[in-house]
1. Where does each of 101-112, 250-261 land if you order them by average Cβ count within 10 Å, highest first?
2. Using a probe radius of 1.4 Å on heavy atoms only, what accessible surface per residue do you get for the chain? Whole Å² is fine.
3. How would SER384, SER182 line up by accessible area, probe 1.4 Å, largest first?
4. Quick one: if you stick a label point 7 Å off each Cα along the C-beta vector at SER371 and GLU387, how many nm between them?
5. Ignoring ligands, DNA and RNA, what percent of the 1.4 Å accessible area of segment 80-119 is carbon and sulfur?
6. What residue among ASN171, LEU139, THR118 has its Cα farthest toward the positive end of the dipole of segment 29-177, where the charges are +1 on Lys, Arg and -1 on Asp, Glu, each on the Cβ?
7. Between ALA143 and ARG51, what length in nm is gained on full extension when 0.36 nm per residue of separation is reduced by their alpha carbon distance?
8. So what's the angle, to the nearest 10 degrees on a 0 to 90 scale, between helix 47-58 and the longest Cα principal axis of the chain?
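The values are calculated or read from the model by the stated rules, or taken from the named source; none is laboratory data. Since we're looking at a predicted model, the values are computed, not measured. For neighbour counting, all protein chains shown are included, and Cβ atoms are generated from backbone atoms with ideal geometry for every residue, glycine included. Quick note on the areas: whole protein, heavy atoms, side chains included, nothing else; ligands and nucleic acids left out. Shrake-Rupley method; radii C 1.70, N 1.55, O 1.52, S 1.80 Å.
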Amino acid sequence: MSQKADTYTRWTVIASGEGGGRIASQFFTRSDNPGIDDRILVMNTNRADIRNTISRMETHLDDGEDPWANHALEFGSQQGAGNFFVMGQEAAREDLDRIVGSMSQVGTATDAFLHTATLGGGTGNGSIPYIIDQFKSGLDSDAHEGWMDSTIHTALAVWPYYYEAPQRQFNAVCGLSRLLRSSDGSQNADMVLLAANSHLSDDETTGTDYSEVNDQIISAIDLMIGAGRETRGVIDVQDYVTVPSQIGAYHFTPAVATDLNGDLFEMEYMFDKAAENAFVPMDVGTSRVTYAVVRAPESMIQNGDITEPDVQNAFNDWKRKHGLLGASGMTSLTPKQERGTDVDVLLLLGGFDLDPLLDHSWEEYEEYKESLQSGRSLGNGQLSATELGRIEENLTEYIEINEG
C-alpha cells in the first residue's frame with residue numbers, strides 16, 4: 001500500500017556548475033519523479049553554460065513556465081570560475097543570500113537537498129561544499145527560513161576522467177575533502193555519494209558524451225529516493241545518514257543492477273550483480289555500511305513471490321559471503337507499477353577504502369600541488385599553504401578512521 005503523494009519524502013536538487021547542470025537537467029526528462037517533481041535549481045557563474053542547461057530543460061517544462069525565474073540562478077560577479085574551485089567558493093560567498101533565497105523558493109519545506117556537482121571544475125566544486133558548510137555551521141542569511149534547519153544535505157559528487165589534467169585531479173581531491181569535512185575538521189555533508197566518470201563510461205578519449213554516465217546516476221538516485229515513498233521495509237533519508245555519521249563513514253557509492261528476471265534469479269545473485277556495478281573502483285569487502293533497495297513489480301509483491309523477509313535474509317547471506325556481517329545496514333522492498341518480473345537492485349556501499357579511487361588522482365594532485373607556492377593566486381582567489389594543508393589533513397584523517 002503506497003503512501004499518499006503529499007507524504008512522500010520531498011527532495012530538492014541543487015546543481016552547481018556545468019556538469020551538475022547536465023545531471024540535473026536530465027531529471028526533467030523523467031515522466032514520473034514524485035520524490036523530486038520540479039524542485040530543481042541549476043546554478044552557474046557562467047551565463048553561457050547555464051543557458052545551455054536551460055535549453056535542455058525547456059522542452060520538458062510546462063507551457064509558459066519561465067525556467068530562469070523558477071529553476072536557474074547565475075551567481076557571482078565574474079563570468080565563470082576559470083576551473084579554480086577557490087573562485088567558485090568566493091562567488092558563492094559573494095551571492096550567498098541570493099542562492100539561499102532561490103533554494104527556499106524552489107524547495108519550500110523540502111526534507112532533503114541533493115547537491116550535485118562534478119569535482120574536476122571550479123564552479124560546482126567550489127560552491128557546493130561551501131553552501132553546505134554554511135547551512136551546517138548555522139546559516140546567517142536574510143533568506144534563511146526555519147524549515148531549512150532540519151533539512152538533510154546529501155552531496156552527489158562526480159569524479160573527473162582519469163586522463164584529465166592534473167589541475168582537475170587536484171580540484172577533485174580538494175573537493176572530496178571539503179564535502180566530507182569543514183575547515184575545522186567537523187562533518188560537512190550528511191552523506192557524500194561518489195561516482196567516477198572513467199568507471200562508468202568507456203569513453204577515455206574525449207569525455208564529451210556524458211549521457212551514459214548521467215543515465216546511470218539518475219537511475220541510482222531514483223532507486224534511492226523511491227525507498228522513502230513506500231510503506232514496505234522503508235529506508236528513508238534519515239536512515240541513510242544517522243548511523244554513518246555516528247561512525248564517521250558517510251561516503252557512499254551506488255551499485256546498481258536493473259531488469260533482472262525475478263523468476264529466474266535468486267535474490268543473493270541479484271545483489272552480486274549489483275555489486276559488480278559499483279560507481280567507483282572499490283573493494284566491496286571494505287564497506288562499513290550497506291543498504292539494499294529492491295524494487296519489484298507490485299504483482300510479485302502482492303503474490304508473495306518477493307517478500308521483505310526474503311530480501312532481508314538474502315541480504316544477510318550476501319553480507320556473510322563478503323565478510324560484511326559487522327557492517328551496519330538496512331533493506332527496503334519497494335513496488336513499481338510495471339508488469340512482468342523485472343527486478344531492480346540498488347546497493348549503497350559506505351565507508352569503503354577510498355584508495356582505489358584516489359590512486360588514480362593522487363600523483364596528479366601532488367604534481368599540481370608542487371606547482372603552487374605558498375599564497376599563490378588561484379585565479380582571483382587565494383589558497384594559502386595553511387588552507388591546503390588543512391584540506392589534505394582532513395581527508396587523510398577521514399580515510400584513516402575508515403581504515404580502522
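1. On the way: 101-112: 19.2, 250-261: 21.5.
Put in order of decreasing packing, that is 250-261, 101-112.
2. Details: 16080 Å² over 404 residues.
Here the residues of the chain average 40 Å² of exposed surface.
3. On the way: SER384 35, SER182 15 Å².
Solvent-accessible surface, decreasing: SER384, SER182.
4. The two pseudo-label positions are separated by 1.9 nm.
5. Values: 580 of 1220 Å².
Carbon with sulfur: 47 percent of the solvent-accessible area.
6. ASN171
7. Working: separation 92, 0.36 × 92 = 33.12 nm, distance 2.51 nm.
The ALA143-ARG51 span can extend by a further 30.6 nm.
8. It is inclined by approximately 20 degrees.
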